[in-house]
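Engineer: Have a look at the structure that comes next, please.
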Amino acid sequence: MNTLLTLSLVFVAGGLLSLFFFAGLLFTVRLTIKQGLQSSFTGLWLMISFLLRSTLVIGLLYWIGQNQWPRIAVAMLGFIIMRFVLLHWLGTSSSTHPPLKNREVRHAP
């Protein structure tokens, strides 16, 4: 019973790490779009966000897993399942993303 409880908590922790990772990604992308893609720091902002989120998630996954592959596997399973839950929950609607043919297309000079 103790092992089942531990693996359940590891699964939930993996899901919470996924929530942190993808909420950070959503925040970064929305902030980047809000500031406009013409900002000179857009690439730097995206890279720093990616490195920070990835480093934290990978480090915490190994800390949660305590160097035991079943715990790491269960945490990753929680991470992946939460990703699908978030994709289903957030989804995309046509009202927030108009079709490409109606958008103005700007080409490089």
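The values are calculated or read from the model by the stated rules, or taken from the named source; none is laboratory data. Treat the numbers as computed from the prediction; the structure is a model and nothing was measured. Cβ placement follows ideal geometry from the backbone for every residue including glycine, while neighbour counts extend to all protein chains displayed.
Rundown of residues vs (1) modelled with pLDDT of 95 or more; (2) surrounded by fewer than 16 Cβ atoms within 10 Å (Cβ to Cβ); (3) part of a helix (DSSP H, G or I), yes/no style:
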{"site": "L7", "(1), (2), (3)": "no, no, yes"}
{"site": "F11", "(1), (2), (3)": "yes, no, yes"}
{"site": "G24", "(1), (2), (3)": "no, no, yes"}
{"site": "L44", "(1), (2), (3)": "no, yes, yes"}
{"site": "R53", "(1), (2), (3)": "yes, no, yes"}
{"site": "L61", "(1), (2), (3)": "no, no, yes"}
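Engineer: Sticking with this structure for a sec: Among the residues of segment 66-81, is there at least one that is at pLDDT below 60 and assigned to a helix (DSSP H, G or I)?
Structural biologist: no
Engineer: List the residue pairs whose Cβ atoms are under 8 Å apart, where the first residue sits in segment 45-72 and is without any contact (Cβ under 8 Å) to a residue 12 or more places away in the chain, the second is aliphatic (A, V, I, L, M), and the two are 6 or more positions apart or on different chains.
Structural biologist: So the pair list comes out as Y62/I72; I72/L61; I72/I64.
Engineer: Another question about this same structure. Would it be correct to say that V85 is modelled with pLDDT of 60 or more, assigned to a helix (DSSP H, G or I) and touching a Phe, Trp or Tyr at 6+ places or on another chain (Cβ under 6 Å)?
Structural biologist: So V85 fails the test.
Engineer: Can you find, within segment 1-15, the residue that is farthest from R83 (Cα to Cα) among those that are in contact (Cβ under 8 Å) with a residue 40 or more places away in the chain and hydrophobic (A, V, I, L, M, F, W, C)?
Structural biologist: Out of the qualifying residues, it is L7.
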